[in-house]
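The values are calculated or read from the model by the stated rules, or taken from the named source; none is laboratory data. The structure displayed is predicted, hence computed values, not measured ones. As a convention, Cβ positions derive from the backbone with ideal geometry for all residues, glycine included, and neighbour counts pool all protein chains shown. Calculation scope for accessible area: heavy atoms of the full protein, side chains included, ligands and nucleic acids excluded. Shrake-Rupley method; radii C 1.70, N 1.55, O 1.52, S 1.80 Å.
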Amino acid sequence: MQNSDPIRAAEPASGLPAVAQAVDAPLTRAAIFLVAALNPGSESRTILRSFCGDLASLLRAVDFRDLEGGLSCVMGFGSDAWDRLFGAPRPSELHPFREIRAGARHAVSTPGDLLFHIRAKRMDLCFEMATQIVARIGNAVSPVDEVQGFRYFDDRDLLGFVDGTENPRGADATAAVLIGGEDSEFAGGSYVIVQKYLHDLAAWNALSTEAQERIIGRTKLSDIELSESVKPTSAHNALTTIVEDGKEVQILRDNMPFGRPAQGEFGTYFIGYSRSPRTIEEMLENMFVGKPPGNYDRLLDFSRAVTGNLFFVPSATFLENVAADQSAAVVESPAAPAAPEATSSVPSVPDGSLGIGSLKGDSQHE
C-alpha cells in the first residue's frame, strides 16, 4: 500500500486482479523496520485480523499530513503467524527462515511473526506511522526488533559503497517481486527476507580501497562493476548474481544503514523482496557456504548477521478482505510445519542480487 498508483498483479483465481502492497515503493530517505511476535490467545488473533482490514485507512490518515512525503507501509507474516491467523490455504513457499552454518559464518534464524516495513521521505512520517501501529496492536504483540534506517549520502552503505545499483525497475521490478499464476490464490503477494548485519568498520577501513573493491566487486568511488578479468569469483556481486536458463533472476532490495556511533554499532538492514524465497536463499548459500563450497563472500569476514526472518507479504486486497470476527480466526495451536534444520545447502532457485543491520542483547549488508 502506498499513496501512489497501486501495483496490480496477474489475475488470481477469482478472475479479478489483486492490488499489491507497496513492495516496490520508491527508495526513500528514511525507514523503520518493526518485527514483532504475536502474543498467544484468541484476543490477540482477533486484534490482528481486525487490524489487517484497517491498515490501509490508517496509512491514508498519516499520509494525508504530507501528501508529498512518500509514505508507504508493507505488512508481512511469518510461517507460524500465518497458521495462527489465517490457516489454510497457505502461500506455497512460506516456511521459517533457513539457518545456514559454514565454519565461523552463521546466517542466524531469529524470532519474528510480523514485519512492518515503513518508508517515507521524512523520518517523522515513519515515526508517526509506527506509533499508530503500535497503539492499535500493542496488546496483541510483543516487540522483537526495531531499526530506524537512513539514506547515507549518495545511497551508500556504511562500508562506503553504493548499495542497490542493480535493482530492477518498472515492469521488471513487478515481475521480480509479485507472485502470479504459479500460486494463483496468492497472486499479488511477495516474499521478503530480512537480516541485520553489523560491520567491523575498524577492520574494514584498515583495508586498501583496492582490496575493498575486490571484495565487493565494484569500484568504490564511481560504482562501476569490475571487469571479469580482475573480479574474484568470491566477490559479493558475483556470488549474489543468480542466473537461470541464461537469464539473471532479480530481487528488489531496499537496504538501509543504521547505527549508534557512541556504542560502536554500524550496520546495514538487508531487506529483499522476491516472488520466490528460493532466489535469496541461494544467494545466502553462495555467500555463507561458497560457490563452490569454501569460495565464500569475504565481506562476511567483516560483517556479521544477527537476525534472519522470512515473511510472506499478501496483497492489499487480501488484507482488506480479512474477516474481523473471531469465528473466522484459527484455533490457537495448529499443526505447523516443522522448522527446517540448520543447513549449508538451500534448494535451487527457479526464478536476484543481494546487497545486504541493533538487536536486543546481541546485535550486522551488502
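Quick notes on this structure:
- Contact map, the range 304-324: first residue farther than 19 Å from GLN21 by Cβ and among the polar types (S, T, N, Q), second residue at pLDDT 95 or above and open to solvent by less than 10 Å² (accessible area, probe 1.4 Å), Cβ cut-off under 8 Å, separation 6 or more or different chains; pairs are THR307/VAL35; THR307/VAL194; THR307/GLN195; THR307/LYS196.
- Residue list for the range 125-164, filter: aromatic (Phe, Trp, Tyr) and surrounded by 22 or more Cβ atoms within 10 Å (Cβ to Cβ): PHE161
- Criterion violated by SER229 - all others in (1) closer than 27 Å to GLY294 by Cβ; (2) open to solvent by less than 60 Å² (accessible area, probe 1.4 Å) satisfied: (2)
- Of the residues contained in the range 46-60, one or more are found to be over 21 Å from GLN21 (Cβ atoms) and open to solvent by 10 Å² or more (accessible area, probe 1.4 Å).
- In the range 3-31, the residues that are within 22 Å of PHE77 (Cα to Cα) and open to solvent by less than 10 Å² (accessible area, probe 1.4 Å) form Cβ pairs under 8 Å with partners that are β-branched (Val, Ile, Thr) and at pLDDT below 50, at six or more places apart or across chains, as follows: ALA20/ILE7; ALA22/ILE7; VAL23/ILE7.
- Residues of the range 240-288 that are within 11 Å of the chain's Cα centre (by Cα) and part of a loop (DSSP other than H, G, I, E, B): ILE251, ASP254, ASN255.
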